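The values are calculated or read from the model by the stated rules, or taken from the named source; none is laboratory data. No experiment lies behind these values; they were computed from the predicted model shown. Neighbour counts run over all protein chains shown; Cβ positions are idealised from the backbone, glycine included. Note: areas computed on protein heavy atoms with side chains; ligands, DNA, RNA excluded. Shrake-Rupley method; radii C 1.70, N 1.55, O 1.52, S 1.80 Å.
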Amino acid sequence: MSVDNPVKGRTATSVSTKRRLGVPAVTFMIIAASAPLTVLAGGVTTTFAVTGVTGVPLSFLILGAILALFAVGYAAMSRYVTNAGAFYAYIAQGISRPAGVGASLVALMAYNLMQVGIYGLFGFTVSSLLSARLGIAVPWWIPVLVCIAIVGWLGVNRVDLSAKVLGILVALEFLVVIAYDAMSLAVAPEGVSAAGFSPETLFVPGIGAVLSFGIAAFMGFESAAIYGEESKDPKRTVARATFAAVGIIAVFYAVSAWAMSIGTGPSAVIGTAATDGPDMIFAFLGSNGGVVLSDIAQLLFVTSLFAALVSFHNAVARYFFSLGREQVLPPALAAVRAGSGAPFAGSLAQTVIAVVVTVAFAMAGSGSELGELYPVLTMFTWLTNSGAMGLVLLMTVVSLAVIGYFRRTPHGASLWVRAVAPGLGFILLAVVFVLILANFNVLLGQTESTAATFILPLVVLLPGVVGILWGLRLRRSRPALYARIGHGSED
């Protein structure tokens, strides 16, 4: 089924007529969404500070193993289902079409929440840097609006342009973090030990919160399938990029969290993280590597956020495209740009959403008692944690979809691939999802539950219910369209 492009006058049967992305490009897209420097400076320090648990390094290895189990079936299914709507198509073909439509709306909400939420931290960081380095006072939302325009421009251009930009930024992030790790191990005020990888440091009452924080560091790793239609060899690219990303992210974050503990001292890391927050890394680099290195790291912290914004923007645009192509959402969303093949309408829709939400938070935060930290403690914290919860839920359901898909069409897959690995992945991801719900007030930085503790999960979950009902209605009212759900890129 094709959809006429009302904007650029061309037909959209796939995101791009040219397959431009190889394994390295897709892997960089995935790791960029994870934002290595942001995770280390923001996520790891927060986990140490809030949970008081020193076994954070081990938690990354455990979460990596869980996601690797998920990736076994996910990657295998990617060889036979190539769709820019990834989760949506997998669940539609593996469970049911109404469930797929429900999943698509949860995915749209989750990816939008992740993407727009990061703008809050980006605006605060840029505003703080301008004030500290240049003495210029700029409201946080002005850098955000400028960034939205740049991200939107990249979104409507060739996807390999975005991949090249992200590749450079991610490579620079890795270099800075590796330098930090090396310095930390060299300084080691209490000596070098493997205590951070010891089970007794993790399996304590705060383990639920640690895993809840940690899973957010991996969000975006599942996005390889979104680029299947633009990959040079989707049957191999998606699987290889997914496994590469999981392995790199798990090991890199585990080693970096361990190095942070060693560099500060295992007995002092929790207190220092609670006092300094993200500045913990930059202060350490300034003391041990010089002011220039610290300034470079802070600049790369901004570009790390930018890279994540571009990556999540691309994911949202492709979900809009996929759903518009199959007319689950308005067909106009399937419009692609004639020159680049990029999902023009989906990119524009995501840009508009980002502007509207940013303006809403800017207006709500005017005069807030939270002061300059308002966009971090509300927009960033609320939206990104809610989005991560939605993505974990989707991965849990996709694990079941993999089992259902291979039960109907085995494709010669082994028992391990079609049932055992996805079954174990389902159980373990379900446990992580329950832990997220149980610790949601902790993730929001609340000492006690408030209305936001319950409203934000509903913001993610209710679209799924609406989508299921919409799918059931399509089955009755438009059977031909219903039959195409989840099969948009197939002839």
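Divide by every residue of the chain the summed helix terms, -39500 (n - 2.57) for each DSSP H run of at least 4, and state the resulting mean residue ellipticity at 222 nm, rounded to the nearest 500 deg cm²/dmol. Mind dumping the intermediate values first?
Details: 19 runs with 329 residues, N = 491.
Computed mean residue ellipticity for the chain: -22500 deg cm²/dmol.
Arranged from highest to lowest average of other beta-carbon atoms within 10 Å per residue, in what order do the peptides 430-436, 22-28 appear?
Details: 430-436: 18.6, 22-28: 21.6.
Per-residue mean Cβ counts within 10 Å order the peptides as 22-28, 430-436.
Can you tell me the relative contact order of the stretch 65-185? Whole percent, Cα pairs under 8 Å, sequence separation 6 or more.
Numbers: 52 pairs, mean separation 13.1, N = 121.
In percent, rounded to a whole number, it is 11.
Leaving out ligands, DNA and RNA, and with a 1.4 Å probe, what % of the accessible surface on the chain is carbon or sulfur? Before the final figure, lay out the partial values.
Working: 12310 of 17990 Å².
Whole-percent figure for carbon plus sulfur exposure: 68.
Would you please put 43-56, 170-183 in order of how densely packed they are, using the mean number of other Cβ atoms within 10 angstrom per residue and starting with the highest? Spell out each step's value before the answer.
Details: 43-56: 22.6, 170-183: 18.6.
Listed from highest to lowest mean packing, they are 43-56, 170-183.
For a quick check of understanding: with a 1.4 angstrom probe and all protein chains in place, what accessible area in square angstrom does R473 have, to the nearest ten?
Its accessible surface works out to 140 Å², give or take rounding.
Relative contact order for the stretch 321-410 using alpha-carbon pairs under 8 Å, separation at least 6, rounded to a whole percent? Let's see the in-between values first.
On the way: 43 pairs, mean separation 10.7, N = 90.
About 12 percent, as a whole number.
For the stretch 237-355, compute the orientation-averaged projected area of the C-alpha convex hull (one quarter of its surface), in nm².
Dividing the Cα hull surface by four gives the mean projection, 11.2 nm².
Please work out which option in (1) 22.6; (2) 23.9; (3) 26.7 gives Kirkwood radius over Cα pairs in Å calculated from these coordinates, and answer with its label.
Structure-derived value, by its label: (1).
List the relative contact order of the chain as a percent without decimals, with contacts defined as Cα pairs under 8 Å and 6+ residues apart. Don't jump to the answer; show the numbers that get you there.
Values: 891 pairs, mean separation 173.6, N = 491.
It rounds to 35 percent for the chain.
Take the alpha-carbon positions of the stretch 19-104, form their convex hull, and give its projected area averaged over all directions (one quarter of the hull surface) in nm².
Values: hull surface 30.6 nm².
Taking the Cα atoms of the stretch 19-104, their convex hull projects to 7.6 nm² on average.
Treat every Asp and Glu Cβ in the stretch 293-431 as -1 and every Lys and Arg Cβ as +1, leave all other atoms uncharged, and give the resulting dipole magnitude about the Cα centre to the nearest 20 debye. Kindly include the intermediate steps, with their values, before the conclusion.
Numbers: 6 positive and 4 negative charges, 164 e Å.
In debye, rounded to 20, the stretch 293-431 gives about 780.
Evaluate E = 1/(1 + (r/R0)^6) for I136 and I427, where r is the Cβ-Cβ distance and R0 equals 30 Å; express this FRET efficiency to the nearest 0.05. Kindly include the intermediate steps, with their values, before the conclusion.
Working: r = 52 Å, r/R0 = 1.74.
Efficiency for this residue pair is about 0.05.
What translational diffusion coefficient, to the nearest whole µm²/s, does the stretch 387-491 have by Stokes-Einstein, given a Kirkwood radius computed over alpha-carbon pairs, a temperature of 4 °C and 1.567 mPa s viscosity? Walk me through the numbers before you get to the answer.
Numbers: Rh = 16.4 Å.
Translational diffusion coefficient: 79 µm²/s.
Under a 1.4 Å probe, what is the accessible area of the chain per residue, stated in Å²?
Details: 17990 Å² over 491 residues.
So the chain comes to 37 Å² accessible per residue, rounded to a whole number.
Sorted by average packing, counted as other Cβ atoms within 10 angstrom per residue and highest first, what order do 239-245, 150-156, 407-413, 393-399 take?
Values: 239-245: 22.4, 150-156: 18.9, 407-413: 11.9, 393-399: 24.9.
Ranking, from highest mean packing down: 393-399, 239-245, 150-156, 407-413.
Along Cα→Cβ, 7 Å out, is where each label goes; now give me the distance between the ones at V352 and V420 in nm to one decimal.
Computed distance between label sites V352 and V420 equals 5.0 nm.
Let me see the P(r) profile for the stretch 333-384: every Cα-Cα distance counted, bins of 5 Å, each bin given as a percent of all pairs.
Result, from short to long distances: 4, 18, 20, 15, 12, 10, 10, 7, 3, 1 percent.
Between R407 and A438, what's the calculated FRET efficiency when r is the beta-carbon distance and R0 is 35 Å? Round to 0.05.
Values: r = 32 Å, r/R0 = 0.91.
That pair, R407 with A438, gives E of 0.65.
Simple spin-label model, 7 Å along Cα-to-Cβ: V466 to L145 in nm?
2.7 nm
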